[in-house]
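**Q** Below is the structure I would like to discuss, written out as structure tokens.
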Amino acid sequence: MIPALLRRLLLISLPCLLLACGEVEDTRPGQPVKQRQQAFKAMLRAFEPLGTMLRDKRYNAESFAKGVKELAALRDAPWPHFGPDTQYPPSKSKNAVWDKPAEFALAREAFVVAVDGLSGAVAGGQQPAIEAAYQKVYETCQGCHKQFRER
């Protein structure tokens, strides 16, 4: 049995230790891992509200078009930061990014084509086509995550 004082000390210190052991910071020149993570987060912030609008049946053509325009502007941002020697913590990329560069390039291109398709569907203004194009972008994201991202 753990004495009461020791137990209290552990209960107080454990959260502090967990907070101190936060995520690893990218300290390399140019911070390529941090740059690509920030780029992906920005794309997600543009993309998530689009899905919410479609799922919740609250489609607003103007807001949706604005989000798609933002996503399209961000679509190329993370890719230059996948250079050689950028597979280190805090990266969540699998080694497959570097071991299978042709497959990674195809996945990246599929995403770009899907985003362009979504932009085109928005310009066409037909909600069923927009929903299908949104789903294609979503599928390219999921496929890339399964093949090239940890967790």
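**Q** Since Tyr138 meets every condition but one in (1) part of a helix (DSSP H, G or I); (2) open to solvent by 90 Å² or more (accessible area, probe 1.4 Å); (3) free of Cβ contacts under 8 Å to residues at least 24 places away in the same chain, which condition does it not meet?
**A** The number of the failed condition is (3).
**Q** What's the total number of residues in the range 84-102 that are in contact with a helix residue (DSSP H, G or I) (Cβ under 7 Å, 6 or more places away or on another chain) and open to solvent by 30 Å² or more (accessible area, probe 1.4 Å)?
**A** Matching residues across the range 84-102 total 2.
**Q** Suppose the filter is touching a residue at least 24 places away in the same chain (Cβ under 8 Å) and either over 26 Å from Glu131 (Cα atoms) or of a type in the set (Asp, Glu) (or both); does Val97 pass it? Break it down into steps so the answer makes sense when it comes.
**A** Values: touching a residue at least 24 places away in the same chain (Cβ under 8 Å): yes; either over 26 Å from Glu131 (Cα atoms) or of a type in the set (Asp, Glu) (or both): yes.
Answer is yes for this residue.
**Q** Quick one: Asp26 ticks every box in (1) of a type in the set (Asp, Glu); (2) at pLDDT 95 or above; (3) open to solvent by less than 50 Å² (accessible area, probe 1.4 Å) except a single one, so which number is it?
**A** Only one criterion in (1) of a type in the set (Asp, Glu); (2) at pLDDT 95 or above; (3) open to solvent by less than 50 Å² (accessible area, probe 1.4 Å) is unmet by Asp26, namely (2).
**Q** Applying the selection to the range 124-135, what residues are within 23 Å of Arg108 (Cα to Cα) and surrounded by fewer than 20 Cβ atoms within 10 Å (Cβ to Cβ)?
**A** Answer for the range 124-135, where residues must be within 23 Å of Arg108 (Cα to Cα) and surrounded by fewer than 20 Cβ atoms within 10 Å (Cβ to Cβ): Ala129, Glu131, Ala132, Gln135.
**Q** Quick check on Ala42: is it crowded, with 16+ Cβ neighbours inside 10 Å and of a type outside the set (Ser, Thr, Tyr)?
**A** Details: crowded, with 16+ Cβ neighbours inside 10 Å: yes; of a type outside the set (Ser, Thr, Tyr): yes.
Yes, satisfied.
The values are calculated or read from the model by the stated rules, or taken from the named source; none is laboratory data. None of the values given here were measured: they were computed from a predicted structure. Every residue, glycine among them, receives a Cβ derived from its backbone with ideal geometry; neighbour counts consider all protein chains shown. Only protein heavy atoms, including side chains, enter the accessible area calculation; ligands, DNA and RNA are left aside. Shrake-Rupley method; radii C 1.70, N 1.55, O 1.52, S 1.80 Å.
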